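Working notes, structure below.
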Amino acid sequence: MFKVLLLLFGFGTLEAKIKYILCDTPRVEAFYEMCDDESFAPVIKVEGCELSKHTYMNISLTAIPRKNIDRLYAMVEIWKESVTVSFTRFELCTGVDDEFDFCGALKGETVTFFYDGRFFRKLQLLKGLYTVKYQLLVGEKEELLLCFLGTLKVKAALF
């Protein structure tokens, strides 16, 4: 029995993911964890954590990309409990006349993504646990640039 336990724990390392808190209010608790390389953890800041029609939630993400950002795609999957609520894929940078400042950034440059939160004014969330998987893919081959899982615990319905 001892040899079996040694085999199980000796060859595999148990690694806990680091969870980063974004905000904690009486109505909402939000945090994220990386789902790719932990050494590439970006800095994410949230201002205005109360999701309602009368407030804005501004989100900024600062990171140093591991690849050039010529073409950039985002994929966002949202689950409530274990049910898929939404899947969205969109192109942020096309390589021609891009509207975002981070388009065209080179590997190793510090870039900041900023979202002003207007979408959240339309969002209606029921009480429960939501998981958001956010992936940024770069280049023609759509290689993974960044991946993180966000968790949003809604303690009271938000309308």
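The values are calculated or read from the model by the stated rules, or taken from the named source; none is laboratory data. Everything numeric in this text was worked out from a predicted model, so none of it was measured. Every residue, glycine among them, receives a Cβ derived from its backbone with ideal geometry; neighbour counts consider all protein chains shown. Keep in mind that these areas ignore ligands, DNA and RNA; they rest on the heavy atoms of the full protein, side chains included. Shrake-Rupley method; radii C 1.70, N 1.55, O 1.52, S 1.80 Å.
Here are the numbers for the structure shown:
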{"item": "Per-region count, the stretch 12-32, residues open to solvent by less than 70 Å² (accessible area, probe 1.4 Å) and modelled with pLDDT under 80", "result": "1"}
{"item": "Condition met for Leu123 (exposed (fewer than 14 other Cβ atoms within 10 Å of the Cβ), under 18 Å from the mean Cα position of the chain (by Cα), closer than 24 Å to Thr25 by Cα and at pLDDT 90 or above)", "result": "no"}
{"item": "Answer residue from the stretch 87-110, given it is of a type in the set (A, V, I, L, M, F, W, C) and part of a loop (DSSP other than H, G, I, E, B) and is surrounded by the most Cβ atoms within 10 Å (Cβ to Cβ) among those", "result": "Ala105"}
{"item": "Lone unmet requirement of (1) out of contact with any strand residue (DSSP E or B) (no Cβ under 6 Å at 6 or more places or on another chain); (2) loosely packed, with under 15 Cβ neighbours inside 10 Å; (3) at pLDDT 85 or above for Arg66", "result": "(2)"}
{"item": "The stretch 69-85 - residue that is aliphatic (A, V, I, L, M) and in contact (Cβ under 8 Å) with a residue 12 or more places away in the chain and, of those, surrounded by the most Cβ atoms within 10 Å (Cβ to Cβ)", "result": "Leu72"}
